[in-house]
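In what follows, a single structure is set out as structure tokens and then discussed.
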Amino acid sequence: MSLGIRPDPVARQVTRRRADGSEAGTVDLDPATFGISPHVAAMHQVVTAQLAAARSGTQSTLTRAEVRGGGRKPYRQKGTGRARQGSIRAPHWVGGGVALGPKPRDYRQRTPKKLVRLALCSALSDRAGEGRIMVVERWPFPQPRTKDARAALAALGLQGRALIVMGAQDVVAERCFANLTEVQLIRVGELNAYDVLCCDWVVFTDATLPGSRSGAGQPAEQGQPAEPAEVGA
């Protein structure tokens with residue numbers, strides 16, 4: 001393989017599980033989403049842009065023109081033996097304005113859509129390469145109970161911080177997981193590289209797994225797979 005050519009995507013499979021931890025066949029992960037070689041530079045640039053976009057940018061200091069007072073010359077130009085001064089609100093005076101201080105600004109960076117998608121697929125591929133992608137058939141919680149959600153995590157063997165990707169139909173499941181500090185919930189349309197990299201596990205359901213294909217002997221009941229979301233950086 002010559003230099004500069006990225007390797008072909010790798011086909012990966014994961015065990016499809018039910019909420020009680022039992023196996024329910026296998027799922028073939030989309031190689032273009034979960035099987036590429038992680039692009040570290042793309043992930044760094046996109047994560048940096050996302051963190052920059054989260055900054056409020058409302059900090060502000062007063063310049064010498066904005067500080068109240070100082071309109072009169074403090075003393076005459078010559079004859080005092082002191083250095084000449086024009087205003088008591090100059091930056092070197094106590095109570096004066098701030099020189100080159102921060103002003104309100106927008107920290108957002110322009111990030112191409114293809115770069116955002118590459119970063120997300122790189123992050124998902126990194127987790128898939130470590131065996132930290134889990135596919136659950138569905139969340140069959142009849143009512144919102146944190147106890148049921150905690151039991152499901154224990155049955156699935158999820159240790160550490162888990163990013164659970166929710167669909168529009170998972171309203172009850174969202175309320176079940178809401179009180180668990182080790183779980184981060186995210187809608188499938190909001191999936192991004194930063195949240196994937198911040199968590200140890202990424203948990204999908206059949207309805208939220210991007211670009212999935214059913215494994216051998218697996219009933220095709222996922223429905224239409226969702227496209228990976230883009231980071232709002």
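With neighbour counts taken as other beta-carbon atoms within 10 Å, the residues GLU174, GLU130 rank, fewest first, as GLU130, GLU174.
Taking the chain as a Gaussian network of alpha-carbon nodes connected by springs under 10 Å, the highest mean-square fluctuation of the residues GLY21, GLY97, GLY189 belongs to GLY97. Overall, the stretch 7-143 carries a charge dipole of about 1860 debye about its Cα centre when +1 sits on the Cβ of Lys and Arg and -1 on the Cβ of Asp and Glu, all other atoms neutral.
When the Gaussian network model of the chain links Cα atoms closer than 10 Å, the mean-square fluctuations of ARG117, ARG89, ARG127 top out at ARG89.
Let me have the 222 nm mean residue ellipticity of the chain computed from DSSP H runs of 4+ only, each contributing -39500 (n - 2.57), with the sum over all residues rounded to the nearest 500.
-7500 deg cm²/dmol
Toward the positive end of the charge dipole of the chain, with +1 on the Cβ of Lys and Arg and -1 on the Cβ of Asp and Glu, the farthest Cα among LEU180, GLY21, THR205 is that of LEU180.
To one decimal place, what Kirkwood hydrodynamic radius in Å is obtained for the chain from all pairs of distinct Cα atoms?
Details: mean 1/r = 0.0469 Å⁻¹.
Evaluated over the chain, this radius sits at 21.3 Å.
For ARG187, the amide hydrogen comes within under 5 Å of the amide hydrogens of MET166, counting only partners 5 or more places away or on other chains and with H modelled in the peptide plane.
Rule-based calculations on the coordinates, nothing more; no lab input. Here the structure is a predicted model, which is why all the values come from computation and not from measurement. Neighbour counts run over all protein chains shown; Cβ positions are idealised from the backbone, glycine included.
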